[in-house]
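Asker: Provided herewith is a single structure, encoded as structure tokens, for subsequent inquiry.
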Amino acid sequence: MHAARRAGWAVAAVTAVALTAAACGDGRGDGIVRASWGDPQNQLEPANTVDVRGGTVLDLIFTGLKEYDPNTGEAVDAMAESIETDDQQTFTVRIKRGWTFSDGTEVTADSFVDAWNYGAHLKNNQVASPVFRFVKGYEDVHPDEQGEKPTADRMSGLEVVDDHTFRVVLAQKFSLWP
């Protein structure tokens, strides 16, 4: 009982200090909340981020083809207008029009294909490159054998169809790919 009372006082003291610190603003009322919790392990490149800290930042600044509905946990289209397949091996991805990068440049099918090829290629040393291992031609840009050099610059399973459509061919059927 004595320990529980001390723990209660400790929680109350920490809360009081936190509230006091929060009240001691600089009076500007700029509405900015500052917090610190650590640094990402790597630079904030999507294919070079596999840690929680970096992933949290990337989730805040990038939108993917899909995202998870926080209420249902269901994967829903985000930047994708649709992802369709008839055979679970060839997928046609249509991206919604109107998406832009922070500099105003339009996001296109080339944006995805180029980024995925960059992320997969061995020379770019991206820690998350194995994410692309299901795409046909991954082994050509990222060979498994130590010391072996890539035989291609691009994965053969990625093809731009038009400005907002690209095709992904997987090395084998994979129903959960989208």
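The values are calculated or read from the model by the stated rules, or taken from the named source; none is laboratory data. Keep in mind that what you see is a predicted model, and the values were worked out from it rather than measured. Using ideal geometry, Cβ is built from the backbone for each residue, glycine included, and neighbour counts are taken over all protein chains shown.
Asker: Given G29, G8, G38, G25, which one is within 30 Å of S129 (Cβ to Cβ), out of contact with any Phe, Trp or Tyr (no Cβ under 9 Å at 6 or more places or on another chain) and modelled with pLDDT under 90?
Answerer: When all the criteria are applied, what remains is G38.
Asker: Can you list the strands (runs of 3 or more DSSP E) lying wholly within region 48-126 that have 1 or more residues being within 21 Å of V141 (Cβ to Cβ)?
Answerer: Counting at least 1 such residues, we get 90-95.
Asker: Take region 68-85 and flag every residue that is free of Cβ contacts under 8 Å to residues at least 40 places away in the same chain and more than 21 Å from M155 (Cβ to Cβ).
Answerer: Correct list: Y68, D69, P70, N71, T72, G73, E74, V76, D77, A78, S82.
Asker: Exactly one of (1) over 11 Å from the mean Cα position of the chain (by Cα); (2) closer than 24 Å to D162 by Cα; (3) touching a residue at least 40 places away in the same chain (Cβ under 8 Å) is unmet by L65. Its number?
Answerer: (1)
Asker: Would you confirm, using the coordinates I've provided, whether F132 is closer than 19 Å to L44 by Cα, of a type in the set (F, W, Y) and surrounded by 13 or more Cβ atoms within 10 Å (Cβ to Cβ)?
Answerer: yes
Asker: Determine, yes or no, whether R167 is free of Cβ contacts under 8 Å to residues at least 40 places away in the same chain and of a type in the set (K, R).
Answerer: Numbers: free of Cβ contacts under 8 Å to residues at least 40 places away in the same chain: no; of a type in the set (K, R): yes.
Against the criterion (free of Cβ contacts under 8 Å to residues at least 40 places away in the same chain and of a type in the set (K, R)), R167 does not qualify.
Asker: Let me ask another. Only residues that are hydroxyl-bearing (S, T, Y) and exposed (fewer than 14 other Cβ atoms within 10 Å of the Cβ): list them for region 83-119, please.
Answerer: T100, S102, T105
Asker: Same structure, new question: If you check F62, F101, which single one turns out to be in contact with a Pro (Cβ under 9 Å, 6 or more places away or on another chain) and of a type outside the set (K, R)? So that I can check it myself, show each step before the final result.
Answerer: Numbers: F101 fails: in contact with a Pro (Cβ under 9 Å, 6 or more places away or on another chain).
Of F62, F101, the one residue that is in contact with a Pro (Cβ under 9 Å, 6 or more places away or on another chain) and of a type outside the set (K, R) is F62.
Asker: Here is a follow-up. Being among the small types (G, A, S) and free of Cβ contacts under 8 Å to residues at least 40 places away in the same chain: is that true of S111 here?
Answerer: Yes, satisfied.
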